Each structure stands twice: as structure tokens, then as C-alpha cells.
Amino acid sequence: MRILRLAEEARAFSRSARAGGETVALVPTMGYLHEGHLSLVRLARQRASRVLATIFVNPLQFGPQEDLSRYPRDFERDRDLLEREGVDALFAPEVAEMYPSGACTRVLVDGPLTEGLCGARRPGHFAGVATVVAKLFALSEPDVAVFGQKDAQQAAVIRRMTRDLNLPVEIVVAPIVREADGLAMSSRNVYLSPDERSQAVVLRRALISAETTVGAGERRTPVLLEIVRREIASAPLARLDYAEIVDAETLVPAERVSSPSLLALAAYFGSTRLIDNTLLQPDGEV
Ligand code: PAF
């Protein structure tokens with residue numbers, strides 16, 4: 001696996017692969033990899049003949065009160081994991097390579113896609129994500145890029161940005177990967193104390209309660225959200241940040257589950273904020 005530090009090296013890798021008749025799949029990450037990331041890599045390998053993974057903890061998507069400086073990092077371990085998965089090249093630039101002095105351009109996806117859910121709590125976050133992803137697309141010119149459904153709002157924002165800017169990249173979204181007890185895998189899970197870790201599974205329980213209730217015929221959002229809130233309140237260490245049901249594509253709040261809808265949750269366990277989600281289908285299928 002080649003390690004690339006410069007934008008020009010990532011561009012050259014991609015261009016030479018494509019000149020040789022290969023296709024390129026991009027897997028952008030912020031490192032501290034877990035099985036969820038590796039599932040993206042495996043999907044990327046199915047979708048293209050060459051895989052370019054990236055590790056870059058993007059300062060633009062962290063707010064001033066957020067965890068940029070303590071975001072977990074372990075480059076050697078990440079490199080070994082990616083190598084074992086058969087990744088062809090790893091692009092791991094320094095901040096100054098991605099944002100040379102004077103850089104002042106932001107990609108802003110406007111409207112309900114970024115106004116609600118995490119966008120309402122993390123001002124500027126999705127502009128930071130859209131900017132870095134647009135840059136990664138521009139410099140690596142991938143055929144396909146793979147993201148995780150766990151960050152459902154991020155995936156919707158990137159899909160919209162790609163369409164709006166006519167970027168010739170196919171966006172593939174991989175299912176959420178969970179621990180044995182149902183907790184969605186996240187690099188932030190390492191921050192949880194043992195008690196917080198065992199209670200964090202309440203997020204999955206709340207999602208399942210809502211899925212089951214929809215399966216039994218309930219479609220009213222306020223009723224479903226009340227069930228979710230009650231379930232989360234049963235875990236004393238959980239502090240709900242938000243629970244919302246929105247249209248799965250536009251992320252506009254839904255009064256009823258009458259089209260595929262996203263039930264998205266965020267909750268704090270101590271100072272660690274976790275997110276999770278599920279798709280609710282109007283026919284009640286999970
Ligand atoms: O999902 C992430 O890890 C990040 O938001 C991404 C897409 C790599 C952009 O920094």
C-alpha cells in the first residue's frame with residue numbers, strides 16, 4: 001500500500017490508475033478505524049478495481065467547543081488495518097496540505113439538509129464536511145466514493161452536493177455496523193466509561209421500539225418520538241440531544257411516516273455525543 005502525503009501524489013495515483021483502465025473508489029475517513037470503516041473499504045473493493053483511502057482529521061468540521069485536539073488517532077494501527085484490507089493507497093495529508101495559508105473557500109449546502117438534526121447543533125459542521133469532501137473528490141477524481149449510513153445526514157449532504165455541483169462521482173452508502181449488543185460503531189465510543197458504554201445500547205433499543213411500533217401500524221411522528229424519548233430516559237446516564245423523524249432524502253421534518261423516513265437520534269453519555277439512526281418504511285418493513 002502506498003502512503004501519499006501530497007495532493008499531487010493522490011491525483012497522480014488516481015490518474016495513472018484510470019489511464020491503465022482501472023476504476024478508483026475513494027473511502028474518506030478521519031482515522032482511528034473500526035469495523036465500520038473496514039466495511040466501507042470492503043464495499044469499495046467490490047465497486048472499483050483500485051481503492052484509495054484517506055485519513056484526515058478535518059479541522060473545518062469541528063466547532064470551537066468540539067473535540068478536535070482530543071480526537072483519537074493511531075496512524076500505525078490504521079495503516080496496518082488498511083493494508084490488510086488490500087487498500088492500494090492511503091492519502092494522509094497534513095492540515096497545511098489541505099488548507100494552505102490563505103484558503104478561504106467553503107462549500108455550503110443550504111436548507112433543510114443542513115439546518116436540522118446535527119446541523120442545528122453543530123453550526124458550520126456540514127460546510128466543513130462538504131468542503132473537505134469536495135476537495136478530496138477534486139484531487140482524486142474517483143469513480144465511486146463510499147460513506148457510512150451511520151452519518152445519515154452527512155451522506156444526504158454529500159449526495160446533494162455531488163448532484164448540485166455535477167461532480168462525476170457515484171456516492172455509495174454502506175449500512176451501519178454494530179457491536180454485538182447493538183451499539184453503532186464509532187471512533188468516539190472509546191471515550192465512554194464502562195457504565196456509559198453499557199447504557200449506550202439504549203440508542204439501538206429506542207430505534208428498535210420505533211421500528212416495532214411502525215411495524216404494528218403506528219405512523220404518527222409525535223407518538224413514535226414519545227416512545228423513543230421514554231426509552232432513552234430509561235438509561236440514567238443518557239441525555240437526549242435530539243430525536244427527530246424526517247423525510248429520508250430531503251431531511252424535512254415528517255408529521256407521519258408516509259414515505260421512507262429517517263429516525264435520527266443524538267444523545268450525550270457524559271461529555272461524549274453519540275448518534276444513531278434507522279430508516280422507517282411506510283409499509284412497516286424494517
Ligand atoms: O465521516 C467522516 O469521517 C468525515 O466526516 C469525512 C467524511 C471523512 C470528512 O472529513
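The values are calculated or read from the model by the stated rules, or taken from the named source; none is laboratory data. The structure presented is a predicted model; accordingly, all values stated were derived computationally and were not measured. Backbone-built Cβ (ideal geometry, glycine too); neighbour counts: all protein chains shown. Remember, those area values only see protein heavy atoms, side chains included, never the ligands or the DNA or RNA. Shrake-Rupley method; radii C 1.70, N 1.55, O 1.52, S 1.80 Å.
Structure notes:
- Exactly one residue out of LEU82, LEU90 is part of a helix (DSSP H, G or I), in contact with a Leu (Cβ under 8 Å, 6 or more places away or on another chain) and within 16 Å of the ligand (Cβ to nearest atom): that is LEU82.
- Tabulated pairs, segment 131-150, first at positive phi, second crowded, with 19+ Cβ neighbours inside 10 Å, C-beta under 8 angstrom, 6+ apart or interchain: GLU141/SER14; GLU141/VAL24
- Residue in segment 148-169 that is farthest from the ligand (Cβ to nearest atom), counting only those that are of a type in the set (S, T, N, Q), in a helix (DSSP H, G or I) and open to solvent by 20 Å² or more (accessible area, probe 1.4 Å): GLN149
- Within segment 247-272, the residues that satisfy the criterion of being under 15 Å from LEU207 (Cα atoms) and assigned to a strand (DSSP E or B) are SER261, LEU262, LEU263, ALA264, LEU265, ALA266, ALA267.
- Residue tally, condition surrounded by 22 or more Cβ atoms within 10 Å (Cβ to Cβ), in contact (Cβ under 8 Å) with a residue 40 or more places away in the chain and under 21 Å from ALA138 (Cβ atoms), over segment 32-57: 5
- Here LEU265 qualifies as within 17 Å of the chain's Cα centre (by Cα) and closer than 30 Å to LEU68 by Cβ.
- Restricting attention to segment 34-62, the residues that are within 9 Å of the ligand (Cβ to nearest atom), part of a loop (DSSP other than H, G, I, E, B), over 16 Å from SER186 (Cβ atoms) and of a type in the set (A, V, I, L, M, F, W, C) add up to 1.
- Sole exception among (1) open to solvent by less than 10 Å² (accessible area, probe 1.4 Å); (2) farther than 21 Å from VAL24 by Cα for ALA145, by number: (2)
- Checking each residue of segment 126-138 against the condition of being away from the ligand (no atom under 13 Å from the Cβ) and within 18 Å of ILE55 (Cα to Cα) gives at least one match.
- Of the residues VAL129, VAL109, the single one that is open to solvent by less than 40 Å² (accessible area, probe 1.4 Å), assigned to a loop (DSSP other than H, G, I, E, B) and among the aliphatic types (A, V, I, L, M) is VAL109.
- Residue check for PRO72: touching a Ser or Thr at 6+ places or on another chain (Cβ under 9 Å), more than 16 Å from the ligand (Cβ to nearest atom) and more than 19 Å from PRO168 (Cα to Cα): no
- Any hit, segment 230-242, residues being open to solvent by 40 Å² or more (accessible area, probe 1.4 Å) and among the small types (Gly, Ala, Ser): yes
- VAL177 more than 15 Å from the chain's Cα centre (by Cα) and within 16 Å of the ligand (Cβ to nearest atom): no
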